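All remarks here apply to the structure that follows.
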Amino acid sequence: MVVATALLMGWPLERAVYLAPVIVVGFAALAGLLILWGKVALQQLRESKRPRLVLTLWLVALGLLVLLSYLGVELPREG
């Protein structure tokens, strides 16, 4: 994790080693959130009356988000 973070952030390896505890805790927190959100999404999918429709809509929304991001579409900003 430390080496991957150093390469991703463009840091020297020595700096990443000093920040290793923070990096490990950050990865653990991210993994915990992903597991929690996954469990919540799965529970909601199981409780829905039409799970195939819900899953299809989730996938279409995710695909649309990826497509718009790839095309570089920006949402209007207030101000």
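Mind checking which residues of segment 20-60 are surrounded by 11 or more Cβ atoms within 10 Å (Cβ to Cβ) and outside any helix (DSSP H, G or I)? Spell out how you get there, then give the answer.
Here is the first cut: in segment 20-60, the residues surrounded by 11 or more Cβ atoms within 10 Å (Cβ to Cβ) are 20, 22-24, 26-28, 41, 44-45, 48, 51, 54-58.
Residue satisfying the conditions is 48 alone.
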May I ask you to list pairs of residues, at least six apart or on different chains, whose Cβ atoms are under 9 Å apart, with the first in segment 31-60 being closer than 30 Å to residue 1 by Cα and the second being in a helix (DSSP H, G or I)?
41/58
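Looking at 54, 17, 73, which one is of a type in the set (A, V, I, L, M, F, W, C) and in contact with a Leu (Cβ under 8 Å, 6 or more places away or on another chain)?
Working: 17 fails: in contact with a Leu (Cβ under 8 Å, 6 or more places away or on another chain); 73 fails: in contact with a Leu (Cβ under 8 Å, 6 or more places away or on another chain).
The unique qualifying residue is 54.
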Going through segment 1-30 one residue at a time, which ones are without any contact (Cβ under 8 Å) to a residue 12 or more places away in the chain and of a type in the set (Ser, Thr, Tyr)?
18
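Does segment 7-19 hold any residues that are of a type outside the set (Val, Ile, Thr) and either surrounded by 11 or more Cβ atoms within 10 Å (Cβ to Cβ) or in a helix (DSSP H, G or I) (or both), and which are they? Lay out the reasoning, then the answer.
Start the filter on segment 7-19 by keeping residues that are of a type outside the set (Val, Ile, Thr), which leaves 7-16, 18-19.
Hits for segment 7-19 are 7, 8, 9, 11, 13, 14, 15, 16, 18, 19.
No lab work stands behind these numbers, since they all come straight from the coordinates. None of these values were measured; they are calculated from a predicted model. Note that we place each Cβ from the backbone using ideal geometry, even for glycine, and neighbour counts take in every protein chain shown.
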